[in-house]
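For reference, the structure discussed in these notes is given below.
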Amino acid sequence: MNEYSNKPRLLATTDSCSANCALFVSRGLRLVAVVFLGFGIAWGAQSERAEKKQDQLLADLVADPNSPVKYDVRLQEYQLVYSFDKDGKHMKRKVPLRFSPFTGEPLVSGRSAVFVEPAANDLQQIREKLHGARSLKDVEEKLGPPDLVSHNVDPFKTQYLYTNVTQTLRVIIQEAPDGKLTIATLPKEKPR
């Protein structure tokens, strides 16, 4: 059995425009609290004397249809899944759990088997190429035509996807209705 401090330990957090989530473990009852600020609080308790192994406890948690914890088979990881309505649309978010809500021990993820490790210089290369870009026209002048253009990808007006800017990263450029750009990078998938 792990020793717990008197203070709750933060296990996972995420921020969204509409929700903040946190997962805590506390002493005594091994109280697991999933807090959805603005959406209420969901509580679950597990006796400290429970003899089930962590794997079985996690399996039980995932099997519970009311649980916000799910298992992603492809990524081989447990995730905190929450959903909410925003501007009449149903939104769903997933956050990988890095620690067990029962023991606080690190959880293993299979992401490294699915995605390549981003090269340190790839992010710098993207920053340099996009320096000064203020519009999608600027982006196209700097990176060329996108591999995929999507329109009305909530909450964005237009989204560009570039898959060949670097060896290890995909680049997503999103234009808001007011014309502001958001630039995101995602690791490329490994060949199967």
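Just checking, how many residues over segment 67-102 are farther than 28 Å from residue 155 by Cα, in contact with a strand residue (DSSP E or B) (Cβ under 8 Å, 6 or more places away or on another chain) and either surrounded by fewer than 17 Cβ atoms within 10 Å (Cβ to Cβ) or basic (Lys, Arg) (or both)?
Of the residues in that region, 1 qualify.
Residues checked against (1) over 25 Å from residue 89 (Cα atoms); (2) not assigned by TED's automatic domain parsing to the domain that holds residue 54:
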{"site": "109", "(1), (2)": "yes, no"}
{"site": "136", "(1), (2)": "yes, yes"}
{"site": "148", "(1), (2)": "no, yes"}
{"site": "155", "(1), (2)": "no, yes"}
{"site": "165", "(1), (2)": "yes, yes"}
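I'm checking my understanding of the structure. Among residues of segment 104-136 that are of a type in the set (Ser, Thr, Tyr) and in contact with a strand residue (DSSP E or B) (Cβ under 8 Å, 6 or more places away or on another chain), which one is nearest to residue 166 (Cα to Cα)?
Step one: filter segment 104-136 for residues of a type in the set (Ser, Thr, Tyr), giving 109, 112, 135.
Imposing the further condition that a residue be in contact with a strand residue (DSSP E or B) (Cβ under 8 Å, 6 or more places away or on another chain) reduces the set to 109, 135.
Numbers: 109: 25, 135: 21 Å.
This residue is 135.
Looking at (1) assigned to a strand (DSSP E or B); (2) in contact (Cβ under 8 Å) with a residue 40 or more places away in the chain, which one does residue 170 not meet, given that it meets all the others?
For residue 170, the failing item is (2).
Out of curiosity, is residue 147 surrounded by 11 or more Cβ atoms within 10 Å (Cβ to Cβ) and in contact with a helix residue (DSSP H, G or I) (Cβ under 9 Å, 6 or more places away or on another chain)? Outline the logic, then answer.
Details: surrounded by 11 or more Cβ atoms within 10 Å (Cβ to Cβ): yes; in contact with a helix residue (DSSP H, G or I) (Cβ under 9 Å, 6 or more places away or on another chain): no.
No, not satisfied.
Given (1) among the polar types (S, T, N, Q); (2) touching a residue at least 24 places away in the same chain (Cβ under 8 Å); (3) outside the structural domain of residue 178 (by TED's automatic domain parsing), identify the lone condition not met by residue 125.
(3)
Can you give me the number of residues within segment 54-105 that are more than 19 Å from the chain's Cα centre (by Cα), assigned to a loop (DSSP other than H, G, I, E, B) and modelled with pLDDT of 90 or more?
Residues meeting the conditions: 3.
I need the full set of residues from segment 150-165 which are out of contact with any strand residue (DSSP E or B) (no Cβ under 6 Å at 6 or more places or on another chain) and free of Cβ contacts under 8 Å to residues at least 24 places away in the same chain, in order please.
Within segment 150-165, 152, 164 qualify.
Given the criteria among the aliphatic types (A, V, I, L, M) and in the same structural domain as residue 54 (by TED's automatic domain parsing), does residue 130 qualify?
Details: among the aliphatic types (A, V, I, L, M): yes; in the same structural domain as residue 54 (by TED's automatic domain parsing): no.
Criteria not met by residue 130.
Taking segment 181-192, which residues are in a loop (DSSP other than H, G, I, E, B) and exposed (fewer than 12 other Cβ atoms within 10 Å of the Cβ)? Spell out the reasoning first.
Looking only at segment 181-192, we keep the residues that are in a loop (DSSP other than H, G, I, E, B), and these are 188, 190-192.
190, 191, 192, listed by residue number.
The values are calculated or read from the model by the stated rules, or taken from the named source; none is laboratory data. Keep in mind that this is a model prediction, so the values were computed, not measured. Every residue, glycine among them, receives a Cβ derived from its backbone with ideal geometry; neighbour counts consider all protein chains shown.
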